[in-house]
1. Using the count of nearby Cβ atoms within 10 Å as a rough guide to exposure, how do 146, 351 rank from fewest to most?
2. If you line up the long axis of helix 355-372 against the longest principal axis of the chain, both from Cα atoms, how many degrees apart are they, to the nearest 10?
3. Does segment 272-355 classify as rounded, prolate or oblate by the C-alpha gyration tensor (a ≥ b ≥ c root eigenvalues; a/c under 1.5 gives rounded; else a/b over b/c gives prolate, otherwise oblate)?
4. Just to be sure I understand: of the beta bridges DSSP finds with both ends in the chain, what percent are antiparallel, rounded to 5?
5. Quick one: which of 175-185, 203-213, 118-128 comes out on top by average Cβ neighbours within 10 Å, and what's the full order, highest first?
6. Using a Förster distance of 25 angstrom, determine the FRET efficiency expected from the C-beta separation of residue 466 and residue 372, and round it to 0.05.
7. Of [x] 25.0; [y] 23.4; [z] 27.0, which is the value of Kirkwood radius over Cα pairs in Å derived from the coordinates here?
8. If I stretch the segment between residue 280 and residue 240 completely, what's the gain in nm (0.36 nm per residue apart, minus their alpha carbon distance), one decimal?
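Laboratory data are not the source of any read-out in this text; all were calculated from the coordinates shown. This is a predicted model, so every value here is computed, not measured. All Cβ positions, even for glycine, are placed from backbone atoms using ideal geometry, and neighbour counts span all protein chains on display.
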């Protein structure tokens, strides 16, 4: 039975609603700190690299700044909801690409539905990270790639494909590899109009080039040096160097792929045939996504996301010619259940108290404490994602949350001053030494086990505040402690 187009729309709308519910129910995660802080600071006129450190390529805070401004106090949950809707859009574009590739509604819906049931996607779009925007842009380009492969593309679709793929790479650098792979393939198959693809990518490339001038060293450090050096330093520091090993990589990769139908999808790709020409560009992008996913150390589930849109488009179109057999369908059901299990658990755990509602309650308590302490200036905290609800901005030097702060000797104090960052070892220098620029208040408590953080990092800030006579101000709820400047 073929699903009616209205049924498909209802299914997509229901899926978007589920994604939104998951975004509210997902546990709080300290990974969100730098992305919320970057969007909020940019909304208030700050620029990445120049005014605060940003450990990624620059597109997301620029695009999300108007949204953060519009959400105001609700910026953190608002950005989570935006990511959830971007995830729903990515699934819809996978369906559209499969249909444009010749799949009937049933196999196209199957491919899109399997994509929606991977824990890799569900985790990545359930928090205010930088995964949903690039995967939505990548997925949006796939129907245009398919049309070009089937000789139905135009100059304008090639232009838009270049713009979307370049945007994905400018939002998260790992997505640059599938974009480059498509560009190279377009040079071989002129039906993809490589000149127009390049022209589409040009505005994004110019934007990234301009962003390097805001602070060239800060750009280089945030985009290339920190991702290359910080993970190894961190895992050696906490006595877990095995996370950086080649042995851990296949174990982690298989574990994350098995939480959902991605693993069996990759195993099935060799058995799914494309029509001669229509799938080669998608295959190039799929292999580039695999390389991009496996390149970083250590491997985390969100790194595998670039693989999924081309993978499930490929499977859906292949299943049009050769539908999955009974054994395959049974295996897919098993893996779908595995992929949904972490999200179901998150929904069950949210029944006593929705995490984002609790986050906003904490924000209201912090706001009351800041008002009582007469604090109007920037706040130093490793949990800047809680500050939008308080009406205060984070100290820009803490815009990366705990991630630069926990490092050791990646930069010297002078370079930190240029790049607007502070590490735990140089805290005293920046606050009281030859860079005497202390914040208006110090907030601790959000970097803890309840946000997947390390409470020892907050203790460094708190110890400095106590040793230097900063005044404690009570914060209701028991999670946070606030210290304001001495009278």
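1. Lowest to highest Cβ neighbour count: 351, 146.
2. Approximately 30 degrees, to the nearest 10.
3. The shape class here is oblate.
4. Restricted to the chain, the bridges split so that about 60 percent are antiparallel.
5. Highest-to-lowest ranking by the protection proxy: 118-128, 175-185, 203-213.
6. 0.85
7. Only one listed value fits the structure, namely [y].
8. Stretched fully, the residue 280-residue 240 segment lengthens by 10.3 nm.
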